[in-house]
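Read through the structure below, which is laid out as structure tokens, and then see the notes.
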Amino acid sequence: MNNSEKENSLALNVNIKNKISVQSNGSKAPPSPKQPFFIGVAGGTASGKTTVCNRINSQFRDQRIVIINQDSFYHSLSDKILQKVNDYNFDHPDAFDTELMLSSVEKLKHGQVVTLPNYDINSHKRIEPPRQVHPADIIILEGILILHDSRVRDLLNMKIFVDEDSDVCLSRRIERLAIERGRNIQNVLDQYSRFVKPGFEDFVLPTKKYADIIIPGGGDNDVAIDLIVQNIRTKFGQHDLCKIYPNIFVIFSTFQIKGMHTLIRDVRTTKHDFVFYSDRLIRLVVEHGLGHLPFTEKQVTTPTGSVYSGVVFCSRLCGVSIIRSGESMENALRACCKGIKIGKILIHGHGTNGRQLIYEKLPSDIASRHVLLLDPVLATGNSAVKAISLLLKKGVSEANIIFLNLIAAPQGINAVCERFPMLKLVTSEIDASLNEDSRVIPGLGEFGDRYFATDD
């Protein structure tokens with residue numbers, strides 16, 4: 001790799017791509033809650049892949065991590081090939097049993113124990129006993145050609161390419177094989193020029209384009225390792241639906257937020273406390289939602305005469321509450337956005353005909369505004385779909401709608417996000433499911449009745 005190529009790789013590409021599980025009928029399906037988080041680490045020989053894997057592993061003491069090396073899946077060499085082993089290309093994709101690796105990873109993905117080959121690099125054969133691997137929270141696949149096969153790439157939640165200067169890689173290879181393992185240095189150099197370097201250029205380097213993250217400088221890049229660990233923690237801690245739909249945003253949970261949820265979900269909580277803590281949570285959701293509005297940079301002069309570089313958010317926005325529970329969120333929105341216009345939509349179940357629009361009163365210029373749609377509980381999503389469809393009919397751009405909830409059920413999220421992928425959905429918690437009466441479980445009851453004290 002020349003200097004210009006290395007300089008071009010210095011930009012850390014952190015475009016993490018969320019994986020989407022697709023059923024045979026083409027619809028998105030949530031992955032199993034116990035599905036591991038798969039990371040692929042590729043790069044040239046002696047580029048620092050193992051160091052990167054070990055450094056990631058050291059940061060996750062609270063999760064079980066398994067590292068699987070692609071070298072384990074080398075084909076055993078016959079005695080005839082071993083007679084001319086120096087002519088064998090270990091850097092070609094055909095040197096690996098990719099089918100076995102794929103089947104093993106698929107089993108781990110579905111929570112099954114697998115038996116992996118135990119490959120001996122000295123004899124170039126698989127030896128006994130094999131390695132037994134149990135399912136883990138995080139599984140790292142490491143090897144020069146991990147990103148070469150599209151089927152393997154499709155299984156990965158994160159793809160990393162370790163990019164190191166070719167001279168550094170060669171010196172490390174010489175040290176590893178000639179000095180540590182006693183190989184003839186001339187044979188090491190011959191193998192490098194005949195197989196390793198061409199293999200890197202033909203098969204390894206082209207896979208760099210598939211990487212979500214490129215680490216220049218190998219395992220010594222502390223900034224890159226920190227960013228990777230931070231991103232894994234974020235992705236690993238997310239609800240599975242957040243990995244499927246990139247337009248879902250769940251506010252970061254703290255003990256304060258968990259405590260407020262505990263109070264409003266408790267059937268014994270008084271009306272006064274229910275309203276007080278619901279208002280606090282609603283305010284957090286509203287403020288998080290406002291953070292997704294477009295902004296422009298602006299410099300202002302402070303009272304000290306200094307210049308402060310800040311931002312100004314989009315001013316053309318309005319709220320729309322889905323009557324009547326959505327009206328509980330209006331005060332928080334007004335407190336955050338002085339003088340904001342708020343429209344109303346009333347949707348009601350009508351026998352077997354689904355949801356019917358009963359009433360709507362919206363700003364006349366709503367088509368030119370960003371809209372904050374308010375409804376504290378997203379259950380089946382039927383009312384939400386009806387309300388969003390009305391906004392689109394009025395000329396509102398789908399990308400300009402931010403849907404704010406306190407809690408959301410997976411069924412409602414699927415209904416909304418599947419149909420409106422450009423919309424942003426902000427909530428404070430995703431609950432487990434719906435019961436036979438289409439109520440959110442564990443939920444918090446009939447929110448409107450509890451908030452407005454019209455329950456029994």
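The values are calculated or read from the model by the stated rules, or taken from the named source; none is laboratory data. Since the structure is predicted, the reported quantities are computational estimates derived from the model, not experimental observations. Backbone-built Cβ (ideal geometry, glycine too); neighbour counts: all protein chains shown.
Take the stretch 240-273 and flag every residue that is touching a residue at least 40 places away in the same chain (Cβ under 8 Å) and in contact with an Asp or Glu (Cβ under 9 Å, 6 or more places away or on another chain).
Those that are touching a residue at least 40 places away in the same chain (Cβ under 8 Å) and in contact with an Asp or Glu (Cβ under 9 Å, 6 or more places away or on another chain): TYR245, VAL250, ILE251, SER253, ILE257, HIS261, ILE264, LYS271.
Looking only at residues that are over 30 Å from SER150 (Cβ atoms) and of a type in the set (Val, Ile, Thr) in the stretch 176-208, which one is surrounded by the most Cβ atoms within 10 Å (Cβ to Cβ)? Talk me through it step by step, then tell me what you get.
Initial filter on the stretch 176-208 (over 30 Å from SER150 (Cβ atoms)): 176-190.
Adding the requirement that they be of a type in the set (Val, Ile, Thr) leaves 179, 185, 188.
On the way: ILE179: 11, ILE185: 11, VAL188: 20.
The residue in question is VAL188.
Quick check on this structure: which one of ALA335, ALA379 is modelled with pLDDT under 95, under 16 Å from VAL285 (Cα atoms) and not charged (D, E, K, R)?
Every option except ALA335 fails the conditions.
Could you list, in sequence order, all residues of the stretch 279-305 that are of a type outside the set (A, V, I, L, M, F, W, C), modelled with pLDDT of 95 or more and in contact with a Ser or Thr (Cβ under 9 Å, 6 or more places away or on another chain)?
ASP279 - this is the single residue of the stretch 279-305 that is of a type outside the set (A, V, I, L, M, F, W, C), modelled with pLDDT of 95 or more and in contact with a Ser or Thr (Cβ under 9 Å, 6 or more places away or on another chain).
Of these, PRO410, PRO442, which one is more than 19 Å from the chain's Cα centre (by Cα) and touching a residue at least 24 places away in the same chain (Cβ under 8 Å)?
The unique qualifying residue is PRO442.
Condition check ((1) more than 26 Å from ILE65 (Cβ to Cβ); (2) more than 34 Å from the chain's Cα centre (by Cα); (3) among the polar types (S, T, N, Q)) across all residues:
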{"site": "LYS125", "(1), (2), (3)": "yes, yes, no"}
{"site": "LEU145", "(1), (2), (3)": "no, no, no"}
{"site": "SER150", "(1), (2), (3)": "no, no, yes"}
{"site": "ARG153", "(1), (2), (3)": "no, no, no"}
{"site": "GLU164", "(1), (2), (3)": "no, no, no"}
{"site": "TYR192", "(1), (2), (3)": "yes, yes, no"}
{"site": "ASP202", "(1), (2), (3)": "yes, no, no"}
{"site": "LEU205", "(1), (2), (3)": "yes, no, no"}
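Could you please find all residues in the stretch 340-353 being surrounded by 12 or more Cβ atoms within 10 Å (Cβ to Cβ) and either assigned to a loop (DSSP other than H, G, I, E, B) or of a type in the set (S, T, N, Q) (or both)?
ILE340
Is it the case that some residue within the stretch 58-71 is assigned by TED's automatic domain parsing to the domain that holds LEU227 and closer than 20 Å to GLN191 by Cα? Please lay out each step first, then the result.
Restricting attention to the stretch 58-71, the residues satisfying the condition of being assigned by TED's automatic domain parsing to the domain that holds LEU227 are 58-71.
In the following step, the residues that additionally are closer than 20 Å to GLN191 by Cα were identified as 70-71.
Among the residues of the stretch 58-71, at least one is assigned by TED's automatic domain parsing to the domain that holds LEU227 and closer than 20 Å to GLN191 by Cα, which makes the answer yes.
Kindly establish whether ASP202 is free of Cβ contacts under 8 Å to residues at least 24 places away in the same chain and not assigned by TED's automatic domain parsing to the domain that holds ALA46. Spell out the reasoning first.
Details: free of Cβ contacts under 8 Å to residues at least 24 places away in the same chain: yes; not assigned by TED's automatic domain parsing to the domain that holds ALA46: no.
No.
Filter the stretch 257-316 for residues that are over 30 Å from PHE447 (Cβ atoms), of a type in the set (Phe, Trp, Tyr) and under 27 Å from the mean Cα position of the chain (by Cα) and give the result.
Initial filter on the stretch 257-316 (over 30 Å from PHE447 (Cβ atoms)): 294-312, 315.
When the remaining residues are screened for being of a type in the set (Phe, Trp, Tyr), the result is 295, 308.
Residue satisfying the conditions is PHE295 alone.
Please indicate, with yes or no, whether at least one residue in the stretch 389-405 is among the hydrophobic types (A, V, I, L, M, F, W, C), in a strand (DSSP E or B) and at pLDDT below 95.
No, that holds for no residue.
So in the stretch 239-278, with the set limited to residues that are in contact with a strand residue (DSSP E or B) (Cβ under 7 Å, 6 or more places away or on another chain) and assigned to a helix (DSSP H, G or I), which one is farthest from LEU378 (Cα to Cα)?
Checked the stretch 239-278; the qualifying residue farthest from LEU378 (Cα to Cα) is ILE244.
Do we find a residue being surrounded by fewer than 20 Cβ atoms within 10 Å (Cβ to Cβ) and over 29 Å from ASP137 (Cβ atoms) anywhere in the stretch 244-256?
no
Which numbered condition in (1) on the phi < 0 side of the Ramachandran plot; (2) at pLDDT below 90; (3) in the same structural domain as ARG55 (by TED's automatic domain parsing) is the only one that LYS243 fails?
If we test LYS243 against (1) on the phi < 0 side of the Ramachandran plot; (2) at pLDDT below 90; (3) in the same structural domain as ARG55 (by TED's automatic domain parsing), just (3) comes out false.
Across the stretch 69-105, what is the total count of residues that are of a type in the set (A, V, I, L, M, F, W, C) and within 26 Å of ASP137 (Cα to Cα)?
Total meeting the criteria: 6.
Of everything in the stretch 420-456 that's of a type in the set (Lys, Arg) and either in a loop (DSSP other than H, G, I, E, B) or touching a helix residue (DSSP H, G or I) at 6+ places or on another chain (Cβ under 6 Å) (or both), which residue is farthest from LEU390 (Cα to Cα)?
ARG450
Return the residue satisfying two criteria in turn: it lies in the stretch 209-222 and is part of a helix (DSSP H, G or I) and modelled with pLDDT under 90, and of such residues it is surrounded by the fewest Cβ atoms within 10 Å (Cβ to Cβ). Step through it out loud before you land on a result.
Step one: list which residues in the stretch 209-222 are part of a helix (DSSP H, G or I), which gives 209-210, 218-220, 222.
In the following step, the residues that additionally are modelled with pLDDT under 90 were identified as 218-220, 222.
Details: GLY218: 23, GLY219: 20, ASP220: 14, ASP222: 10.
Applying the filter and picking the extreme gives ASP222.
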